[in-house]
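**Q** After the structure tokens below, expect a handful of questions from me.
The values are calculated or read from the model by the stated rules, or taken from the named source; none is laboratory data. Everything numeric here is computed off the predicted structure, so don't read it as measured data. Don't worry about glycine lacking a Cβ; one is built from the backbone with ideal geometry, like all the others, and counts go over all protein chains shown. These area figures cover heavy atoms from the full protein model, side chains too; ligands, DNA and RNA do not enter into them. Shrake-Rupley method; radii C 1.70, N 1.55, O 1.52, S 1.80 Å.
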Amino acid sequence: MDIIERFINYTTINTATNNKNGAQGILPSSSGQFELAKLIAKELAEIGLIEIDLQKNAILTATLPANINEDVPIVSFFAHLDTSEEQTADTKAKIINYEGGDIILNKVQGITLKQSDYPELKNYQGQQIITTDGTSLLGADDKAAIAAILNSLQTLTENPEIKHGTVKVAFLPDEEQGLLGAKAFDVSSFGANFGYTLDCCGIGDFVYENWNAGSAVVTFTGQSAHPMSAKGKLKNSLLMAHKFISMLPGGEAPEYTDGREGYYWVKQLNGNSAQTTLKLDIRDFSKSNYAQRKDFLCKLANNFALLWGKQSIDITISDSYENVANSLKGDARFPIDIALEAYRRNGIKPNLIPMRGGYDGAVLSEKGLPCPNIFTGAHNFHSIYEYLPVNSLKAASNVILEVIKITSEKTYSN
């Protein structure tokens, strides 16, 4: 099956994550993810993979046996099944022969992908680009990765003269809400020495650092009173919460930061004068700075307790995932070197970017499976303006092939 046909076929299955179900521990959170996993399992069997295992939680794994006798490390590749809940309409993908300028996605609704808004479009003039009709996500995040992985596996099984060691693949649910599939994944039984996710950006982009990430839930408990007799009695928890927010460092929020700058993100505020709950995200690339951010929130809460009483404030901080760079140092750096060589062999200039977000590889690396992040070639994830240049998708598949070849050529320590 052609890589384009594979990808478009995957986009016809609605796999939007369901945050409500995910919060209740339901995995996968949406039925479409399991439907897609079943289709992938069928295609893996047709290609010739073995040990295909589809679990009830939609975690799917499979193995391509080695066709060499040499003992080489086992490389693995990961993609996630779900798409963002920010857009849940069914995808209507289409292929456009892009000749430059703006792309009219939906003439009736006046939806246009404008080159002035997305200047990188000019890099793909004269190429085929896959878009939607402007009413949904494309789902290249992360169905482009699935198509690239399956295409590379098919190439290997159809061309046995390409020598390779054992290759493992895995497809995980609900990455889009806290990397739930990766957190449920059993690295020890998987049997790979290292891996790569394909869950990023334009052609050439390569990620091996991302956030140290966590969240805080702060509960403010006030004292309600009737306004006619409130003086000296009423303690307004809403105003406590607003005061807490005002004490956060100025400028250290998502809308004011980029690159490797960390932040606090006020995500949700609910309550009344009697009790109010504040939810924040905590992010930083530096492990020490991340620890300082958590410490700052705890000290701020302690000061509020001194002002209004211990019973007036409660704070709970949870870690979500680590910076993958923490697990890719020293002897564990070899997956980075292999990927960079694979880029160069394909004539692709690596663009090293710090990822201001999380991906499954951060959790997998923390569990002991070093796992950088390779491009899929797509742009504008989580947006109706998401698009995928066909040549970039093919390039992602070619990088996978080269990684497998390089792994079979050399012996790397795990």
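**Q** Find all pairs meeting these conditions: Cβ atoms under 7 angstrom apart; at least six residues apart or on different chains; first residue within the stretch 18-29 and more than 11 Å from residue 58 (Cα to Cα); second residue assigned to a helix (DSSP H, G or I).
**A** 22/180
**Q** Tell me whether the stretch 364-380 contains one or more residues that are assigned to a helix (DSSP H, G or I) and either touching a strand residue (DSSP E or B) at 6+ places or on another chain (Cβ under 7 Å) or open to solvent by 60 Å² or more (accessible area, probe 1.4 Å) (or both).
**A** Yes, there is a match, as at least one residue in the stretch 364-380 is assigned to a helix (DSSP H, G or I) and either touching a strand residue (DSSP E or B) at 6+ places or on another chain (Cβ under 7 Å) or open to solvent by 60 Å² or more (accessible area, probe 1.4 Å) (or both).
**Q** Among the numbered conditions (1) open to solvent by less than 60 Å² (accessible area, probe 1.4 Å); (2) in a loop (DSSP other than H, G, I, E, B), tell me where residue 79 comes up short.
**A** Unmet for residue 79, out of (1) open to solvent by less than 60 Å² (accessible area, probe 1.4 Å); (2) in a loop (DSSP other than H, G, I, E, B): (2).
**Q** Give the number of residues within the stretch 316-332 that are in contact (Cβ under 8 Å) with a residue 12 or more places away in the chain, more than 30 Å from residue 278 (Cβ to Cβ) and open to solvent by 40 Å² or more (accessible area, probe 1.4 Å).
**A** Counting residues in the stretch 316-332 that are in contact (Cβ under 8 Å) with a residue 12 or more places away in the chain, more than 30 Å from residue 278 (Cβ to Cβ) and open to solvent by 40 Å² or more (accessible area, probe 1.4 Å) gives 1.
**Q** How about the stretch 85-123: which of its residues are of a type in the set (S, T, N, Q) and surrounded by 21 or more Cβ atoms within 10 Å (Cβ to Cβ)?
**A** The answer is 91, and nothing else.
**Q** Let me ask another. For residue 189, work out the one condition from (1) assigned to a helix (DSSP H, G or I); (2) farther than 26 Å from residue 320 by Cβ it doesn't fulfil.
**A** Result: residue 189 passes all but (2).
**Q** Okay, moving on. If you take the residues of the stretch 216-238 that are open to solvent by less than 40 Å² (accessible area, probe 1.4 Å) and assigned to a strand (DSSP E or B), which of them is nearest to residue 293 (Cα to Cα)?
**A** Of everything passing the filter in the stretch 216-238, 216 is nearest to residue 293 (Cα to Cα).
**Q** (1) assigned to a loop (DSSP other than H, G, I, E, B); (2) at pLDDT 95 or above: which one isn't true of residue 152, the others all being true?
**A** Evaluating residue 152 over (1) assigned to a loop (DSSP other than H, G, I, E, B); (2) at pLDDT 95 or above leaves (1) as the failure.
**Q** Considering only residues of the stretch 14-62 that are of a type in the set (Gly, Ala, Ser) and assigned to a loop (DSSP other than H, G, I, E, B), which is farthest from residue 86 (Cα to Cα)?
**A** Among those residues, the one meeting the criterion is 48.
**Q** Starting from residues that are assigned to a loop (DSSP other than H, G, I, E, B) and aliphatic (A, V, I, L, M), keep the ones in the stretch 90-131 and report whichever is farthest from residue 32 (Cα to Cα).
**A** 108
**Q** Sticking with this one: Quick check on this structure: which one of 347, 361 is crowded, with 24+ Cβ neighbours inside 10 Å and either assigned to a helix (DSSP H, G or I) or modelled with pLDDT of 95 or more (or both)?
**A** 361
**Q** I'd like to know if the stretch 267-276 contains one or more residues that are open to solvent by 40 Å² or more (accessible area, probe 1.4 Å) and on the phi > 0 side of the Ramachandran plot.
**A** yes
**Q** Taking only pairs six or more apart or across chains, which ones have beta-carbon atoms under 7 Å, a first residue in the stretch 195-219 that is closer than 27 Å to residue 242 by Cβ, and a second residue that is aliphatic (A, V, I, L, M) and surrounded by fewer than 22 Cβ atoms within 10 Å (Cβ to Cβ)?
**A** These pairs meet every condition: 214/317; 216/297; 216/315; 216/317; 218/301; 218/315.
**Q** Right, here's the next one. Would it be correct to say that residue 344 is over 28 Å from residue 173 (Cα atoms) and among the charged types (D, E, K, R)?
**A** yes
**Q** Residues of the stretch 157-184 being outside any loop (DSSP other than H, G, I, E, B) and either at pLDDT below 95 or surrounded by fewer than 23 Cβ atoms within 10 Å (Cβ to Cβ) (or both), which ones?
**A** Those that are outside any loop (DSSP other than H, G, I, E, B) and either at pLDDT below 95 or surrounded by fewer than 23 Cβ atoms within 10 Å (Cβ to Cβ) (or both): 157, 158, 168, 183, 184.
**Q** In the stretch 242-267, which residues are under 30 Å from residue 222 (Cα atoms) and part of a loop (DSSP other than H, G, I, E, B)?
**A** Across the stretch 242-267, the qualifying residues are 247, 248, 249, 250, 251, 252, 253.
**Q** Another one. Just for the stretch 31-66: of the residues that are polar (S, T, N, Q) and touching a residue at least 60 places away in the same chain (Cβ under 8 Å), which one is surrounded by the most Cβ atoms within 10 Å (Cβ to Cβ)?
**A** By that ranking, first place goes to 33.
**Q** Does residue 74 meet the test of being β-branched (Val, Ile, Thr), open to solvent by 30 Å² or more (accessible area, probe 1.4 Å), modelled with pLDDT of 95 or more and more than 26 Å from the chain's Cα centre (by Cα)?
**A** No: the conditions fail for residue 74.
**Q** Further, regarding this structure: Filter the stretch 46-64 for residues that are touching a strand residue (DSSP E or B) at 6+ places or on another chain (Cβ under 6 Å) and within 20 Å of residue 404 (Cβ to Cβ) and give the result.
**A** Passing the criteria: 49, 50, 51, 52, 60, 61, 62, 63, 64.
**Q** Kindly provide the set of residues from the stretch 277-315 that are assigned to a strand (DSSP E or B), over 24 Å from residue 234 (Cβ atoms) and open to solvent by 60 Å² or more (accessible area, probe 1.4 Å), ordered by number.
**A** 279
**Q** If you don't mind, another one. From 251, 222, 191, 195, which residue is touching a strand residue (DSSP E or B) at 6+ places or on another chain (Cβ under 8 Å) and either under 29 Å from residue 85 (Cα atoms) or of a type in the set (A, V, I, L, M) (or both)?
**A** One residue alone meets the criteria, 195.
**Q** Please go through the stretch 254-266 and pick out each residue that is of a type outside the set (Phe, Trp, Tyr) and either under 17 Å from residue 321 (Cβ atoms) or open to solvent by 30 Å² or more (accessible area, probe 1.4 Å) (or both).
**A** 254, 255, 258, 259, 260, 261, 262, 266
**Q** For residue 325, only one of the following conditions fails: (1) touching a Gly at 6+ places or on another chain (Cβ under 9 Å); (2) of a type outside the set (Lys, Arg); (3) at pLDDT below 95. What is its number?
**A** Single failed check for residue 325: (1).
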